[in-house]
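Read through the structure below, which is laid out as structure tokens, and then see the notes.
What follows is calculated from the coordinates using simple rules that are stated; it is not laboratory data. Quick caveat: nothing in here was measured; it's all calculated off a predicted structure. Glycine gets a Cβ as well: all are built from the backbone with ideal geometry, and neighbour counts include every protein chain shown.
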Amino acid sequence: MSKQTDNPLYEGKAKILYPGSEVGTIRQYFKDDATAFNAQKRDIISGKGILNNLISSHLFPAIGQMGIAHHFIEKLNDREQLVKAVDIVPVEVIIRNVAAGSICKRLGLTEGESLPHTLVEFCLKDDSLGDPVISSEHVYAMKLATRNELDETIELSLRVNDFLTGLFFGIGIRLIDFKLEFGRLQTEAGSQIVLADELSPDNCRLWDSKTNEKLDKDRFRHDLGSLIEGYSEIARRLGLVIPSLN
Ligand code: TMP
Ligand code: ASP
């Protein structure tokens, strides 16, 4: 693996991006770093990157089969995947089916309360500001995305939600909420909005359907038990073969 040899294009909290083998491609390297509360809490959890790469490399092609455009090309090895180079839209899309996390604090809702309908929220992707919640009006005023682009991200996000909710339901897991990022892919026909980043238990809340046990990154955020055990359980239920995590 080339983590030490190539110059990164970008290093985030959980991933490093390197130039891909061909023009227009990027190698996405999954780190073991875990952060929460805008990196106020941090740790290195051996094997986390391998599990996120495994799970994300399984979910992206599945979503692609539903006709949802995305950046994923192929899994290269335990820690890396090849993706299409896109310009990331600096708006994080949060989809919520059940109240949990920050919405409970902000609006006084009770964790586990079903929402009357799926909620779509936007956050400005800016760590220095703590990724604040913004409205669509802010998106347009700050020219973060056009109206057409935002409409497209909402439609794609709701389709991803429908698909993933069913997929996880089938393996005894409730999809409580999740965060998506989108990118602009330049094609001959022009700019296209595609799903980017990752789909993993770092970015989703996933509770066991029977016990409500949290299998996602809340285990790390709130010291609820081994993160690796939770992520491994998700991978196993998805039918994935877990490689050595060292
Ligand atoms: P929240 O309840 O903390 O706002 O999180 C909502 C969802 O978004 C949850 O599934 C975790 C995910 N998320 C991220 O992927 N990255 C982040 O930086 C935050 C704050 C949340
Ligand atoms: N990923 C975010 C951070 O480190 C927050 C989170 O996932 O809770 O800061």
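With a cut-off of at most 12 other beta carbons within 10 Å, and DSSP calling the residue loop, which trypsin sites (Lys or Arg not before Pro) in the stretch 103-196 qualify? Please list them.
Qualifying residues, ordered by number: Lys143.
Roughly how far apart, in whole Å, are the Cα centres of the stretch 199-246 and the stretch 62-107?
17 Å
Given Thr211, Tyr140, Gly64, which one lies farthest toward the positive end of the charge dipole of the chain, if we put +1 on the Cβ of every Lys and Arg and -1 on the Cβ of every Asp and Glu?
Thr211
Full-extension gain between His138 and Leu224, please, as 0.36 nm times their residue separation minus the C-alpha to C-alpha distance.
27.4 nm
Under a Cβ-Cβ cut-off of 11 Å, what is the net charge of the residues other than Val83 that fall near it, where Lys and Arg count +1 and Asp and Glu count -1?
My count for the surroundings of Val83 gives 0.
Gaussian network model of the chain, Cα springs within a sub-10 Å range: biggest mean-square fluctuation belongs to which of Ile26, Ile173, Ile134?
Taking springs between Cα atoms under 10 Å, the residue moving most is Ile134.
Just to confirm the filter: which trypsin sites (Lys or Arg not before Pro) across the stretch 49-99 are DSSP coil and have at most 14 other Cβ within 10 angstrom of their Cβ?
Answer in residue order: no site qualifies.
Taking 0.36 nm per residue of separation and subtracting the Cα-Cα distance, what length does fully extending Asn246 through Lys13 add?
81.9 nm
Give me the Å³ per residue figure for the convex hull around the C-alpha atoms of the stretch 79-184.
It comes to 146 Å³ per residue, whole-number rounded.
Where in the stretch 170-246 are there chymotrypsin sites (Phe, Trp or Tyr not before Pro) that are in a DSSP coil and have at most 11 other Cβ atoms within 10 angstrom of their Cβ?
none
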